[in-house]
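What follows is a set of notes on a single structure, which appears directly below.
What follows is calculated from the coordinates using simple rules that are stated; it is not laboratory data. Keep in mind that what you see is a predicted model, and the values were worked out from it rather than measured. We place every Cβ from the backbone using ideal geometry, glycine too, and count neighbours over all the protein chains shown.
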Amino acid sequence: MTKTLVPPKDRKEWTFLVTTKLDHKFQNLVMQLKIMEFKQKKGTDKIDIMQSIDELYELSTKYAVSLQNDFQVIFKKW
């Protein structure tokens with residue numbers, strides 16, 4: 001069985017990332033900018049959690065190889 005490069009979307013850590021309950025500085029600039037966007041939207045009605053998770057997950061699949069160190073820190077195992 002091979003390990004997927006991106007943790008499953010149903011992991012609670014994705015919600016923590018988009019709601020900024022989990023403060024992680026990504027090594028990947030694109031991901032860090034996306035997290036900063038979520039921080040700016042926090043506390044407004046502009047954030048849709050499921051849509052935000054979808055956006056973050058889509059970016060994660062695009063940059064999966066470069067995100068492995070970040071994923072190890074955030075998700076530990078998947």
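Before moving on, here are some points about what is shown:
- Read-out Cα extents along the principal axes in Å, derived from the coordinates shown; its label in (1) 45, 22, 22; (2) 42, 23, 19; (3) 59, 27, 22: (2)
- Inter-label distance, THR15 to ILE49: 0.4 nm, where each label sits 7 Å from its Cα along the C-beta direction.
- Euclidean distance of C-alpha centroids, the stretch 60-78 and the stretch 7-21, integer Å: 12 Å
- Count, lysine Cα pairs under 13 Å in the stretch 12-75, 8 or more residues apart or across chains: 6
- Computed over the stretch 12-75: relative contact order in percent, which uses C-alpha pairs under 8 Å that are six or more apart: 41 percent
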